[in-house]
Amino acid sequence: MLSPLRTLILGAAAGCLMIANPASAKEQLVLAIGGEPEQGFDPLLGWGQYGNPLFQSTLLSRRADLDLEPELATAWTLSDDQLTWTITLRDDARFSDGSALTANDVAYTFNAAAQAGGRADLSALKEATALDDHRVALTLHQPRITFVDQLVTLGIVPAASRENGHGEDYGRHPLGSGPYQLVEWQEGEQLIVKRNPYFYGQTPDFERLVFLFTGEDATLNAARTGGVDLAALPPALANALPSHMRAVTMQSVDNRGIMFPMQPAQGERAPSGALIGNDVTADIAIRRAINLALDRPTLVDVVLNGFGRPAFGPADGLPWSRRDEDIQAPDLEQANALLDAAGWQRQGDGLRHKQGQPARFRLTYPAGDSTRQLLAEVSAEMVRPLGIEMQPTGRHWDDIQRLALHQDAVVMGFGSHSPQEIYYLYHSQHAGNGFYNSGYYANPAVDHHLEAAQAAANTHAANRHWQAAQWDGETGYGVRGDASWAWMVNLAHVYAVDTCLDVGDLGVAPHGHGWPVTANLLEWRWTCD
Amino acid sequence: MNATQPRLRALACSGFVALLLLALLSGQWWLGDLPGRMQFDARLAPPGVDHWLGTDALGRELWARTLAGLGLSFQVGFLAALLGSAIALGLALLATLSPRLDALVRLLIDTLLSVPHLILLLLIAFALGGGLQAVVIAVATTHWPGLARVLRAELFQLRTAPYIDISRALGKSRGFILLHHFLPHALPHCLVGALLLFPHAILHEAALTFLGVGLSPSQPAIGILLADAMRYLSGGYWWLGVFPGLGLLLMVLSIERIAHGLRRAL
């Protein structure tokens with residue numbers, strides 16, 4: 001109801017910004033990439049969970065090829081028993097109020113984040129201790145190879161004990177050592193930031209950035225009127241750009257797939273009260289048949305307008321995912337044979353039945369997400385010839401959590417630069433942990449591989465265990481094993497970018513359309529006069 | 001001749017709407033799964049010989065989806081109008097029983113009329129979690145006050161009619177008078193009220209669904225078709241919005257015409 005009004009207001013506001021400040025094209029960028037954080041810009045509560053928190057700096061960062069590189073840390077070592085990280089900090093880092101960033105701030109950030117219960121998983125952290133002004137030790141309870149990802153994603157905040165230190169209102173008034181500092185945040189409308197004069201790194205090309213938080217329609221309208229310089233676009237609209245903008249795609253590991261409830265329905269309930277289990281999807285033959293029936297290239301073509309690639313696992317192409325996981329699909333013949341052998345017989349209603357149970361279940365998707373809706377509808381159509389009826393059902397996220405999360409198949413998306421996500425998705429310990437492993441998947445052999453990966457001596461050894469969890473020749477969470485998901489597509493994120501803006505090499509984005517595009521913000525250049 | 005003209009006009013309109021309804025209702029049967037059938041090689045095809053009203057982004061025939069959508073809208077409109085009129089009639093009859101009940105009914109009517117009904121509609125539909133049932137309840141519970149006020153006024157006028165006095169003098173109970181005098185008198189008014197409520201309900205169903213708190217996005221409701229069309233209009237795919245919109249307009253206008261005709265005829 002509000003969107004046309006909001007479109008007008010924001011369009012006018014964006015227009016006024018451009019008119020009132022005609023020379024600002026090089027000084028100011030207007031971005032409409034969505035992703036406004038509900039809890040503000042506090043890293044302890046989840047801000048910047050995929051890295052590059054803008055206002056804050058992290059200890060390490062990832063290059064476009066995902067290799068680690070120094071950021072606040074100039075050196076980092078892991079002890080032989082893999083229980084202590086020792087980090088050496090650069091000595092020229094300052095917060096945007098001019099005060100120096102020290103090891104105390106780093107220790108405070110890690111200790112406080114471990115207690116805050118935000119999205120940063122610091123359960124493995126025993127204690128963070130400042131050894132001196134520029135060295136900090138992070139001690140773990142047990143070896144965890146993925147702990148290094150926290151060094152890449154957790155933005156460092158000023159210790160609460162200092163002036164302007166971290167407090168309850170920090171999310172609304174963030175103070176950090178990142179390239180930009182906050183000027184104004186009008187929730188639901190826009191965020192204005194300006195350069196941090198004390199930033200230790202390369203000075204950004206643009207003095208000010210304005211982030212507009214608009215819906216799809218408003219974003220497109222603003223792009224047409226020249227009100228934004230870079231805007232996130234749904235793939236379906238990528239061909240309808242105005243002449244002063246071009247479509248730029250950012251490859252991603254942002255995937256979408258069907259999460260299957262793995263347990264039969266026995267009336268059990270999750271702590272949230274939601275029912276657990278589904279008698280149809282608990283049958284491995286059904287899950288494998290669906291995996292075989294999905295025509296993934298067509299899904300990419302029809303739903304993503306070609307902006308994406310087929311997905312067969314949660315981390316396709318990343319070092320911790322097997323490269324031989326691609327299956328020959330669609331193969332309806334093999335899928336039908338699997339179902340026949342498992343005792344699912346076709347009956348008069350066109351559906352397969354087994355012991356009186358029809359092969360019918362709800363395929364739930366968040367109602368406001370047009371991409372997931374299309375994926376649900378098209379995949380249901382692809383599976384129908386097998387005699388399996390997936391009923392696409394749109395629900396609000398609250399309803400999904402309350403009613404559907406553990407008993408319906410759900411179109412979900414993940415994708416991370418860390419294999420920690422694999423651990424969350426498939427370890428039985430995380431069954432029912434929010435959206436992770438919401439299908440209550442449990443396989444002791446997979447658990448064993450995942451634990452071995454976490455305890456591995458180095459990343460290469462860990463990757464072998466991560467891959468074995470997917471398929472070890474006998475079992476695994478992947479399509480040849482338990483087929484606990486039917487992964488469908490990896491999205492390419494599409495942005496409308498002003499033809500004068502050079503955004504450089506965007507790299508590979510994790511889950512979440514929007515903020516990941518700012519990862520290489522310091523490389524962005526304005527190429528027109 | 002002058003007296004029969006409105007009746008004739010209403011009759012003609014009724015005939016037209018009956019035909020439309022026949023197509024819509026029988027469509028549920030003969031359309032089968034056509035509204036949902038995808039043709040990946042004919043996505044976003046413009047109107048033509050092969051695809052009468054064009055196809056949508058998944059290659060589904062727009063004429064079939066529009067018909068199915070109008071059928072759904074009719075269903076919602078019918079149920080909401082029925083429920084809304086029943087509430088209005090029930091409360092109007094209740095108001096005649098005692099001054100206290102009348103005060104209560106008036107308070108209810110005034111309270112509901114004082115709140116913008118679109119906001120109330122959205123709140124109720126959202127609170128009930130969306131879906132057909134939620135839309136019907138939301139529309140019915142927000143649209144009875146107008147009709148209830150008219151019916152109440154009618155019945156209060158009737159209370160002083162000589163034949164009601166005679167009935168009371170003959171010792172008939174309040175219940176008897178309610179059922180045998182008030183109800184038959186109120187029913188024709190109620191029917192017209194329901195018919196006037198009908199197009200209103202259809203439009204609100206489309207609006208709620210368009211705004212995302214109505215029917216499921218997987219159902220080919222008119223609101224869903226129009227919301228989908230919004231996404232593609234800028235690409236020049238005009239048929240996605242024009243035909244479902246026209247269909248809705250025709251149906252609403254026809255039913256409204258009948259209601260007005262009937263009101264004049266009565």
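Listing for the model above:
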{"quantity": "Spin-label pair A:Gln334/B:Ile166, simplified geometry with 7 Å Cα→Cβ offset, distance in nm", "calculated": "8.8 nm"}
{"quantity": "Potential extension, A:Asp169-A:Ala445 segment - 0.36 nm per residue separation minus Cα distance", "calculated": "94.8 nm"}
{"quantity": "Highest-first arrangement of A:343-349, B:245-251, A:290-296, where packing means the average Cβ count within 10 Å", "calculated": "A:290-296, B:245-251, A:343-349"}
{"quantity": "Cα-based shape type of chain A, given that a ≥ b ≥ c are square roots of the gyration tensor eigenvalues and the cut on a/c is 1.5", "calculated": "oblate"}
{"quantity": "A:His141-A:Thr499 pseudo-label distance in nm [points 7 Å out on the Cα-to-Cβ vector]", "calculated": "5.8 nm"}
{"quantity": "Longest DSSP-loop-exposure-free segment, GluC sites (Glu not before Pro), chain A, at most 10 other Cβ within 10 Å", "calculated": "A:169-473"}
{"quantity": "Inter-chain shielding of A:232-241 (mean C-beta neighbours from other protein chains, 10 Å cut-off)", "calculated": "2"}
{"quantity": "Reachable lysines, given that their alpha-carbon falls under 17 Å from the alpha-carbon of A:Lys26 and they are not under 8 places away in the same chain", "calculated": "A:Lys194"}
{"quantity": "P(r), alpha carbons of the range A:255-491 - 10 Å bins starting at zero, rounded %", "calculated": "8, 34, 38, 18, 2, 0"}
{"quantity": "Helix axis angle, A:3-20 relative to chain A longest principal axis, alpha carbon, degrees", "calculated": "30 degrees"}
{"quantity": "Within 10 Å of each Cβ in B:20-26, the average number of Cβ atoms from other chains", "calculated": "0"}
{"quantity": "Whole-Hz ³J(HN,Hα) from phi, Karplus 6.51 cos²θ - 1.76 cosθ + 1.60, for the range B:15-27, glycine and proline x", "calculated": "x, 4, 5, 4, 4, 4, 5, 4, 5, 5, 5, 5, x"}
{"quantity": "Ratio of the Cα radius of gyration of the range A:40-174 to 2.2 N^0.38 Å, where N counts its residues", "calculated": "0.96"}
{"quantity": "Ellipsoid semi-axes in whole angstrom, largest first, where each is sqrt(5λ) of the Cα gyration tensor of the range A:164-255", "calculated": "29, 16, 14"}
{"quantity": "Potential lengthening between A:Ala116 and A:Gln186 on full extension [0.36 nm per residue; Cα-Cα distance subtracted]", "calculated": "22.7 nm"}
{"quantity": "Loop sites in the range A:435-529: trypsin sites (Lys or Arg not before Pro), DSSP, at most 12 other Cβ within 10 Å", "calculated": "none"}
{"quantity": "Highest-fluctuation residue, B:Phe182, B:Phe78, B:Phe40 considered, GNM on chain B with Cα pairs under 10 Å", "calculated": "B:Phe40"}
{"quantity": "At R0 = 41 Å, FRET efficiency that the Cβ-Cβ distance of B:Ile119 and A:Asp529 yields, to 0.05", "calculated": "0.20"}
{"quantity": "Shielding by partners - mean other protein chain Cβ count within 10 Å, residues of A:445-455", "calculated": "0"}
{"quantity": "Cβ-defined net charge surrounding B:Arg231, 9 Å radius [Lys, Arg +1; Asp, Glu -1]", "calculated": "-3"}
{"quantity": "As computed over the range B:190-262, the Cα convex hull volume per residue (Å³)", "calculated": "80 Å³"}
{"quantity": "Spin-label pair B:Leu249/A:Ser123, simplified geometry with 7 Å Cα→Cβ offset, distance in nm", "calculated": "5.9 nm"}
{"quantity": "Helix-derived mean residue ellipticity, 222 nm - over chain A, DSSP H n ≥ 4, -39500 (n - 2.57), to 500", "calculated": "-7000 deg cm²/dmol"}
{"quantity": "Loop-located trypsin sites (Lys or Arg not before Pro) in the range B:36-126 whose Cβ has at most 10 other Cβ within 10 Å (DSSP)", "calculated": "none"}
{"quantity": "Cα-derived Rg to Rh of the range B:36-167, Kirkwood definition", "calculated": "1.25"}
{"quantity": "Dipole of the range B:33-113 [Lys/Arg +1, Asp/Glu -1 at C-beta], most positive-end residue of B:Ala103, B:Leu67, B:Ala88", "calculated": "B:Ala103"}
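Laboratory data are not the source of any read-out in this text; all were calculated from the coordinates shown. Note that this is a predicted model, so its numbers are computed, not measured. Every residue, glycine among them, receives a Cβ derived from its backbone with ideal geometry; neighbour counts consider all protein chains shown.
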